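Visitor: Questions regarding the structure given below will be posed in turn.
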Amino acid sequence: MLTKSDYRAGMVISSARLARLYELIQRVAPHNVTVLIQGESGSGKELIAGALHQLGPHPDGPLVTLNCATLVGQLAGAQLFGHVKGAFTDARESSPGYFRAAQGGTLFLDEVGELPLELQPKILRAVENHEIQPVGSHLSSRVDVRLVSATNRDLRAMVAAGKFRRDLYHRLNMIAVTTAPLRECRESIGPLAAHFINRYCAENGRTVTHLSYRAYRALVAHDWPGNVRELINAVCTAVLLTDDSRIDLEHLPALLAMNDYPRDDTAEAPRPPGRATTILEAPQEAGEAPLKTIELDAITRSALLKSLLQTRGNRQQAAKILGISRQKLYRMLARYDLFEVGRPA
């Protein structure tokens, strides 16, 4: 079952795929290498950047985020590298820029595919030589910054089209991390929804405890083109619209409610006993319908995953935690596609 211990470095670890991603982050984070995070919009790239920073060598340093799409024309260089007083019109005082603001920490370049081509050689110099030159200054400054980039664009295609420098692409792409769209991780939808329900209840003073079964089915069936960001919006809307402790289909955005799931007031996704738990884990109450197979599978998968994470992949210890034999653990890991979780790469 999913508990607080499954929320690691801000990430909800709720599937084998996410567990493997977290293992990669753990391996990479302590080393001062550049990381390129690739994935669809809304799929958690900024969350991964935060995890790399938190698990890295300088978690107490600043984490500075720059959306490269916001860089403005001739001022872009000053935004990145800073400027001295009088460097251009309206430069009434000096500014450090994003690189120096991230000194001793991490600079996260989101939407790095939007970097102006003329700025890319200067970015390359900053990454390779750890030096920047503020606009209007003849002196270079040393910077100690961990660089993490992210994009939802195909940088290889951009390189082939001459829209992105090949040398910069390879320098940023020392380690590649790819996020999965939510439609490919449907087993994560329930735990993620529970996490966000709890968060928005706490923020808005609401007391939602569970989803109706048809609302849960609607969440799992949806393809989520906006990924986790879209799920967050749907859950926030539902928390605010419901008048009681249950979220039903009519409380979800209209697009999710289009599928006509039959109403069955006795068939609810089981209720969590408290905060930071999944909507799929509570025992049945008197009069509730039996748990559906998909729910039982989600509970079992989550329990297996938690035991592997707690023991760092030690099968013998995981079996002891679960109260089963090691042979049975192996069979269950194979059934739920978790056999490689925790194994050395």
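Visitor: Take the eigenvalues of the Cα gyration tensor for the stretch 109-226, scale each by 5, and report the square roots as semi-axes in whole Å, largest first. If you can, show how the numbers build up before the last one.
Guide: Numbers: eigenvalues 357, 78, 25 Å².
With the √(5λ) rule applied to the stretch 109-226, the semi-axes are 42, 20, 11 Å.
Visitor: Can you tell me the order of 237-243, 52-58, 207-213 when each peptide is scored by its average per-residue count of other Cβ atoms within 10 angstrom, highest first? Could you put the intermediate results ahead of the total?
Guide: Numbers: 237-243: 16.3, 52-58: 18.6, 207-213: 20.6.
Highest-to-lowest ranking by the protection proxy: 207-213, 52-58, 237-243.
Visitor: Note the direction-averaged projected area, equal to a quarter of the hull surface, for the Cα convex hull of the stretch 28-77, in nm².
Guide: Working: hull surface 17.9 nm².
Averaging across all directions leaves 4.5 nm² for the Cα convex hull.
Visitor: At 10 °C and a viscosity of 1.306 mPa s, what translational diffusion coefficient does Stokes-Einstein give for the stretch 167-226, taking Rh as the Kirkwood radius over Cα pairs? Give it in µm²/s as a whole number.
Guide: It diffuses with D of about 112 µm²/s by this estimate.
Visitor: Let me ask another. Which trypsin sites (Lys or Arg not before Pro) from the stretch 127-172 combine a DSSP loop assignment with at most 15 other Cβ atoms within 10 Å? Intermediate results must be reported in sequence, preceding the final value.
Guide: Details: sites: ARG142, ARG146, ARG153, ARG156, LYS163, ARG165, ARG166, ARG171; in loops: ARG153, LYS163, ARG165.
Those that pass, being in a loop and sparsely packed, are ARG153, LYS163.
Readers should treat all values here as calculations from the given coordinates under stated rules, not as data from a laboratory. In this text, all values refer to a predicted model and were calculated from it rather than measured experimentally. Please note: Cβ atoms are built from the backbone with ideal geometry, for glycine as well, and neighbour counts cover all protein chains shown.
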